[in-house]
Amino acid sequence: MWTQWRIVDVLGNRENPPPLPRWAERARRAHQNMLENFPHFAALVLVAHVSGLSNAQTALGATLFLSARVVHAVVYTTGVWRLRALAYFAGVGG
């Protein structure tokens, strides 16, 4: 398929980039949400490990959190908001 482009569109800086599809915008927001939540999780896991308090229960909690966050990102991207809330709270419970 042939698409006609102007040189400025290909080589120049895009002042007004085309809008993202809705699913791509949701994926961007899901990524941003994980960037905001991950530092708290990482700090707690590191503190538990360094202090020697980590055990099978903390490992299970970390696994639940990460698994729920993966599900949250997929569900967020697909736009199913009810499942997104459940996945988020499952991660909080992990």
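Of all the numbered requirements in (1) in a loop (DSSP other than H, G, I, E, B); (2) at pLDDT 90 or above, Trp23 misses one, and that requirement is (1). Do we find that Ala90 is in a helix (DSSP H, G or I) and in contact (Cβ under 8 Å) with a residue 24 or more places away in the chain in this structure? Considered against the rule, which asks whether it is in a helix (DSSP H, G or I) and in contact (Cβ under 8 Å) with a residue 24 or more places away in the chain, Ala90 comes out as yes. Of all residues in the stretch 67-89, those being at pLDDT below 90 and either more than 14 Å from Ala27 (Cβ to Cβ) or touching a Phe, Trp or Tyr at 6+ places or on another chain (Cβ under 6 Å) (or both) number 9.
Pairs meeting the criteria (first residue in the stretch 20-32 and closer than 10 Å to Gly79 by Cβ, second residue surrounded by 12 or more Cβ atoms within 10 Å (Cβ to Cβ), beta carbons under 9 Å, at least 6 apart or on different chains) are Trp23/Thr77; Trp23/Thr78; Arg26/Tyr76; Arg26/Thr77; Arg26/Thr78.
The values are calculated or read from the model by the stated rules, or taken from the named source; none is laboratory data. Model, not experiment: these values are computed from the prediction. Glycine gets a Cβ as well: all are built from the backbone with ideal geometry, and neighbour counts include every protein chain shown.
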